[in-house]
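First comes the structure, then the notes that go with it.
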Amino acid sequence: MISLKTRNRILFAFKELVEEKGFYNATVDELAGRYGISKRTIYRHFSSKEEMIETVLQEFIRETERQVDLALASSEDPAEKITHFIKALSARLRMFNPRLFSDIQRYYPHLWEEVEKLRANKIQHIIKIIMEGRCQGYFKEINPVVATAALLAMVQAIVTPNFVLEHNLTAEEAFTTVINTFLYGIVANQP
């Protein structure tokens with residue numbers, strides 16, 4: 001019988017190791033040696049290192065979706081919804097080292113697709129809120145197709161491991177700047 005407690009202990013230890021080494025450089029041998037867990041026990045609970053990575057990433061995605069959905073449901077005011085969305089997503093991004101996203105993008109592209117799906121899905125929510133806010137007089141008239149494509153392109157170009165690492169940013173900083181630029185532009189005082 002597989003113990004959930006042991007499985008969670010392995011995952012916790014793996015997360016600690018990954019924070020230090022990254023997904024790619026963390027090994028099952030080091031996990032076993034460092035945390036006193038036999039490889040046999042690890043493989044009883046996970047078929048491979050990749051399964052552990054998938055589990056960590058899926059857990060991160062599920063909790064991120066939960067936090068973002070709570071933020072989106074927190075207010076009727078479209079501007080407040082977007083503000084809560086930014087705060088919730090920023091808090092989640094703060095928890096994930098950019099190097100970890102880089103490892104996923106580079107070495108586990110099929111898992112990176114899951115991150116991209118989450119981002120595209122949540123951007124659709126933002127656009128929906130903007131469209132609702134437009135109808136209520138909160139926001140300007142904009143073409144939703146262009147707005148969605150523009151925001152998605154900005155996020156995909158800037159909130160990436162390579163861009164974040166190359167420019168010494170955090171994922172949270174990059175994301176917040178993209179959203180604020182999208183929502184408010186770069187003009188200091190609008191006429």
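Points worth noting:
- The condition (being part of a helix (DSSP H, G or I), among the aliphatic types (A, V, I, L, M) and either farther than 21 Å from Glu16 by Cα or touching a residue at least 40 places away in the same chain (Cβ under 8 Å) (or both)) is satisfied by just one residue among Leu31, Leu100: Leu100.
- Leu93 under 12 Å from the mean Cα position of the chain (by Cα), open to solvent by less than 20 Å² (accessible area, probe 1.4 Å) and within 20 Å of Glu20 (Cβ to Cβ): no
- Where helices (runs of 4 or more DSSP H) fall entirely within region 129-191, those with at least 3 residues that are in contact (Cβ under 8 Å) with a residue 40 or more places away in the chain and open to solvent by less than 60 Å² (accessible area, probe 1.4 Å) are at 171-184.
- Scanning region 8-24 for residues that are of a type in the set (D, E, K, R) and out of contact with any Asp or Glu (no Cβ under 8 Å at 6 or more places or on another chain) yields Arg9, Lys15, Glu16, Glu19, Glu20.
- Given (1) in contact (Cβ under 8 Å) with a residue 40 or more places away in the chain; (2) open to solvent by less than 60 Å² (accessible area, probe 1.4 Å), number of the condition Thr6 does not satisfy: (1)
- Output for region 44-66, where each listed residue is part of a helix (DSSP H, G or I), surrounded by 14 or more Cβ atoms within 10 Å (Cβ to Cβ) and more than 11 Å from the chain's Cα centre (by Cα): Arg44, His45, Lys49, Glu50, Met52, Ile53, Glu54, Thr55, Val56
- Ala71, sole failed condition from (1) in contact (Cβ under 8 Å) with a residue 60 or more places away in the chain; (2) touching a His at 6+ places or on another chain (Cβ under 8 Å): (1)
- Test: Ala26 is closer than 18 Å to Gln124 by Cβ and open to solvent by less than 40 Å² (accessible area, probe 1.4 Å): no
The values are calculated or read from the model by the stated rules, or taken from the named source; none is laboratory data. In this text, all values refer to a predicted model and were calculated from it rather than measured experimentally. Using ideal geometry, Cβ is built from the backbone for each residue, glycine included, and neighbour counts are taken over all protein chains shown. We work out accessible area using only protein heavy atoms, side chains counted, and drop any ligands, DNA or RNA first. Shrake-Rupley method; radii C 1.70, N 1.55, O 1.52, S 1.80 Å.
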